[in-house]
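Worksheet: one structure, shown below.
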Amino acid sequence: MALAHVLGVPRIGPNRELKFAQESYWRGEIDEAAVRDVASGIRQANWRRQHAAGLDFVTVGDFAFYDQMLNHVALLGCAPERFGFGAAIGLPEYFQLARGNDACHAMEMTKWFDTNYHYLVPEFKPDTQFSLGTGWLFDEVAEAQTAGFEAKPVLIGPLTFLWLGKEKTAGFDRLDLLDRLLPVYAQILARLKAQGVQWVQVDEPILALDLPAAWRSAFERAYHALNGAGVKLLLASYFGPLRENLLVALKLPVAGVHVDCVRGGDELSQVIDWLPATKILSAGVIDGRNIWKTDLAAVFDRFEGLHQRLGDRLWLAPSCSLLHVPVSLANETKLDAEIKSWLAYAEEKIAALATLKAAFNAGRQAVAAGLAGNAQALASRRQSKRVHDAAIAARLAALTSLHDARNSPFTIRQATQRARFRLPAFPTTTIGSFPQTSDIRSARARFRKGELSEADYTAAMQREIGHAVERQEALGLDVLVHGEAERNDMVEYFGEQLAGFAFSQNGWVQSYGSRCVKPPIIYGDVSRPLPMTVGWTRYAQSLTRKPMKGMLTGPMTMLQWSFVRDDQPRATTALQIALAIRDEVVDLEAAGIGIIQIDEPAYREGLPLRKTDWPAYLDWASRAFRISASGVNDATQIHTHMCYSEFNDILSAIAAMDADVITIETSRSDMELLRGFGDFSYPNEIGPGVYDIHSPRIPDTADMTRLLEKASQVIAPDQLWVNPDCGLKTRGWAETETALANMVAAARVLRSRTCLA
Ligand code: GLN
Ligand code: ZN
């Protein structure tokens with residue numbers, strides 16, 4: 001008999017109950033007991049669902065008030081010393097670690113592997129101590145047991161916990177802390193055993209990464225130390241194949257292993273070959289990273305033989321925690337019925353798991369109706385005319401190398417563009433958005449609800465554009481923008497106008513803390529039926545003689561921040577989006593817009609977890625960008641923008657995008673990052689951000705002059721642009737105007753001091 005379980009489920013609640021409770025607690029409207037009640041309600045409902053679906057365990061410890069890594073910081077008694085909290089912390093202290101307090105800035109946050117979930121980064125020093133800290137996990141196990149469930153707690157494994165943290169002092173290696181950490185893990189396991197727990201899931205997703213040898217070999221030592229606790233350990237890896245870590249993982253002294261059969265499916269036969277005869281195998285057969293229905297019959301066919309061999313040593317599971325998908329389709333009352341029939345959120349994935357388990361244990365006939373329904377949904381998706389558009393396929397097939405290159409090399413384009421725009425040295429510009437005032441937001445909301453007519457809405461947005469243009473003229477900026485007042489979100493705004501995109505009503509996924517995102521769903525071939533930005537941009541250009549920069553979101557960012565279809569390679573979907581953007585770029589050019597920016601803030605985020613997979617990704621990613629940008633003449637200047645700080649390892653791929661100008665975030669690192677651009681001799685023009693728009697601090701002219709001078713030392717001054725780090729939509733007008741006035745003044749100082757050849 002095959003068993004079934006999940007690695008974790010969403011904790012936000014079906015209607016984001018946790019978010020609303022947390023936020024009212026932070027505002028002081030409700031007390032701790034009230035937030036805890038909401039949390040307990042969410043956990044209980046999650047367990048009931050797993051139990052009712054016939055799963056063999058309920059997963060405990062996947063709940064977190066803010067983040068699972070922060071839970072472990074609390075559990076392992078290693079809150080950063082700078083907060084002065086001691087080992088066991090309560091909920092108020094827990095939130096202070098996450099959000100900061102008057103005396104201490106919050107713990108740093110970063111992306112969880114290649115997901116859009118952000119975790120809090122543990123801080124390590126040579127003298128960091130661990131001890132059994134906050135005991136919420138044990139309380140939750142008791143809570144599940146009291147409710148009558150078989151609890152399978154989940155822990156982040158010691159090596160993943162250390163790996164994801166950061167050394168806060170130089171000259172030591174956080175792996176050295178392992179020997180201090182293991183006894184605390186052993187204590188935790190002993191305590192869980194004392195509570196009557198049989199199985200503990202220990203997540204070690206770093207097994208899907210390139211690991212230094214010291215880390216790989218530390219696994220054996222670590223798990224030998226934990227093996228003695230007397231509970232059965234299920235070592236879980238996910239998000240990718242194990243590759244050179246495969247043998248290490250399979251030989252560890254644990255009772256079972258979980259592998260991701262969606263992303264790591266190709267190595268399944270190796271896993272089976274090497275699986276010791278006593279170990280259980282948890283097969284992650286349902287995609288935990290996407291919202292499409294799984295082909296249940298295909299899974300059955302693939303695993304039937306294995307089930308006959310392994311019997312109850314085969315467990316069925318989603319590939320990873322369901323944290324990365326929305327909660328339930330039950331709340332999607334407006335989503336188009338046909339598209340909805342192709343989808344599975346967390347609840348539906350649990351139901352699919354139940355069907356699969358029954359198919360293995362009671363025979364396909366026992367769940368014939370469920371399997372037939374599943375097959376029908378998949379067939380409808382495969383055959384739908386809304387998914388497949390022959391014209392788009394033909395267009396893709398006709399792409400040649402002519403489509404992904406500009407007409408002339410950069411130096412020729414540069415000369416043509418310089419003759420056309422006659423910009424001063426150190427030209428000034430901004431990244432696109434201007435402050436999104438409450439007036440703007442309310443006009444957009446009223447228009448959406450039908451309370452504002454199209455004509456009134458257009459007039460309101462044109463007033464905003466007029467205001468933004470007037471301010472930029474007064475400030476003396478050289479290349480203007482329209483301000484993006486009409487845009488709610490840089491992906492949604494375009495997705496709503498493109499064929500092949502759908503928008504859910506309630507498809508929320510936790511991004512960090514109480515923040516959730518609702519990614520668009522790319523379900524079909526993408527194309528652009530009508531111009532998307534030409535009207536607004538042309539209007540903006542009509543108000544000024546200075547060049548107006550058109551503003552678009554690039555194909556890789558559209559892809560990265562959406563749920564992407566799984567029935568064709570991501571690269572194909574990227575090319576379709578690239579062609580849609582290309583159409584817009586060409587139309588903007590025809591409308592007289594001479595400078596067009598294609599934003600790619602998520603370009604780097606799409607990088608595969610393994611370095612050996614980078615070149616292939618960067619090859620199609622940069623090609624997609626070039627296809628979007630290359631339909632125009634030499635005289636049209638293409639900008640791109642990226643807002644993060646690690647460029648140095650992908651500089652050649654950034655250069656391969658061949659944008660005429662790239663604007664990037666650099667001010668927070670004091671221009672240090674630019675050194676990479678200098679060493680690499682980045683060939684095109686660059687605007688290193690000189691104004692950190694994430695901070696309320698207004699930089700003065702001297703600050704920005706200093707940054708620009710630093711930049712001039714590594715980049716040829718005639719390649720440099722002057723701009724903020726990112727868009728200004730979260731800032732207010734007053735601070736924006738002061739900062740930009742200072743920025744323009746800094747550019748003037750540079751012009752007066754620098755003699756350009
Ligand atoms: N053009 C966008 C803006 O200014 C860019 C946003 C981003 O880089 N994330 O808001
Ligand atoms: Zn940005």
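The values are calculated or read from the model by the stated rules, or taken from the named source; none is laboratory data. In this text, all values refer to a predicted model and were calculated from it rather than measured experimentally. Ideal geometry is used to build each Cβ from the backbone, glycine not excepted, and the neighbour counts take in all protein chains shown. Side chains included, ligands, DNA and RNA excluded: accessible areas come from the protein's heavy atoms. Shrake-Rupley method; radii C 1.70, N 1.55, O 1.52, S 1.80 Å.
Of all residues in segment 444-474, those being open to solvent by 10 Å² or more (accessible area, probe 1.4 Å), over 26 Å from GLN414 (Cα atoms) and either assigned to a helix (DSSP H, G or I) or within 16 Å of ligand 2 (Cβ to nearest atom) (or both) number 20. When ALA659 is tested against the conditions (1) in a loop (DSSP other than H, G, I, E, B); (2) at pLDDT below 95, the lone failure is (2). Determine if segment 677-685 includes at least one residue that is away from ligand 2 (no atom under 16 Å from the Cβ), of a type outside the set (S, T, N, Q), open to solvent by 10 Å² or more (accessible area, probe 1.4 Å) and in a strand (DSSP E or B). Scanning segment 677-685 turns up at least one residue that is away from ligand 2 (no atom under 16 Å from the Cβ), of a type outside the set (S, T, N, Q), open to solvent by 10 Å² or more (accessible area, probe 1.4 Å) and in a strand (DSSP E or B). ALA590 falls short on exactly one of the conditions (1) surrounded by fewer than 18 Cβ atoms within 10 Å (Cβ to Cβ); (2) within 16 Å of ligand 2 (Cβ to nearest atom); (3) not basic (Lys, Arg), and that condition is (2). On the basis of being out of contact with any Pro (no Cβ under 9 Å at 6 or more places or on another chain), open to solvent by 40 Å² or more (accessible area, probe 1.4 Å) and more than 16 Å from ligand 2 (Cβ to nearest atom), does ALA415 make the cut? So ALA415 fits the description; yes. Residues in segment 12-31 that are open to solvent by 60 Å² or more (accessible area, probe 1.4 Å), in a helix (DSSP H, G or I) and farther than 23 Å from ASN331 by Cβ: TRP26 only.
ASN633 meets each of the listed conditions (1) more than 16 Å from ligand 2 (Cβ to nearest atom); (2) open to solvent by 10 Å² or more (accessible area, probe 1.4 Å); (3) assigned to a helix (DSSP H, G or I); (4) more than 21 Å from MET558 (Cα to Cα) apart from (3).
Quick one: in segment 272-286, of everything that is closer than 14 Å to CYS261 by Cα and in contact with a helix residue (DSSP H, G or I) (Cβ under 8 Å, 6 or more places away or on another chain), which residue is surrounded by the fewest Cβ atoms within 10 Å (Cβ to Cβ)?
ILE272
For segment 644-674, filtering for residues that are crowded, with 19+ Cβ neighbours inside 10 Å and either within 14 Å of ligand 2 (Cβ to nearest atom) or under 18 Å from ASP718 (Cβ atoms) (or both) leaves 12. May I ask you to verify whether GLU304 is under 19 Å from VAL259 (Cα atoms), among the charged types (D, E, K, R), modelled with pLDDT of 95 or more and part of a helix (DSSP H, G or I)? It is true that GLU304 is under 19 Å from VAL259 (Cα atoms), among the charged types (D, E, K, R), modelled with pLDDT of 95 or more and part of a helix (DSSP H, G or I).
Residue count for segment 420-443 satisfying the condition of being in a helix (DSSP H, G or I) and either under 34 Å from the mean Cα position of the chain (by Cα) or under 27 Å from PRO601 (Cα atoms) (or both): 7. Scanning segment 501-516 for any residue that is among the small types (Gly, Ala, Ser), in contact with a Phe, Trp or Tyr (Cβ under 6 Å, 6 or more places away or on another chain) and under 30 Å from GLN68 (Cα atoms) turns up at least one such residue.
Scanning segment 593-603 for residues that are within 16 Å of ligand 2 (Cβ to nearest atom) and under 19 Å from ASN723 (Cβ atoms) yields GLN597, ILE598, ASP599, GLU600, PRO601, TYR603.
Please verify whether TRP733 is within 16 Å of ligand 1 (Cβ to nearest atom), surrounded by fewer than 16 Cβ atoms within 10 Å (Cβ to Cβ) and of a type in the set (Phe, Trp, Tyr), treating the condition exactly as stated.
Considered against the rule, which asks whether it is within 16 Å of ligand 1 (Cβ to nearest atom), surrounded by fewer than 16 Cβ atoms within 10 Å (Cβ to Cβ) and of a type in the set (Phe, Trp, Tyr), TRP733 comes out as yes.
Every condition in (1) surrounded by 18 or more Cβ atoms within 10 Å (Cβ to Cβ); (2) touching a helix residue (DSSP H, G or I) at 6+ places or on another chain (Cβ under 6 Å) is met by LYS152 except one, and the failing one is (2). Residues in segment 189-214 that are closer than 17 Å to HIS72 by Cα and either in contact with a strand residue (DSSP E or B) (Cβ under 7 Å, 6 or more places away or on another chain) or open to solvent by less than 10 Å² (accessible area, probe 1.4 Å) (or both): LEU189, LEU192, VAL200, GLN201, VAL202, ASP203, GLU204, PRO205, ILE206. Going through (1) surrounded by 21 or more Cβ atoms within 10 Å (Cβ to Cβ); (2) away from ligand 1 (no atom under 15 Å from the Cβ); (3) in contact (Cβ under 8 Å) with a residue 60 or more places away in the chain one by one, LEU618 falls short only on (3).
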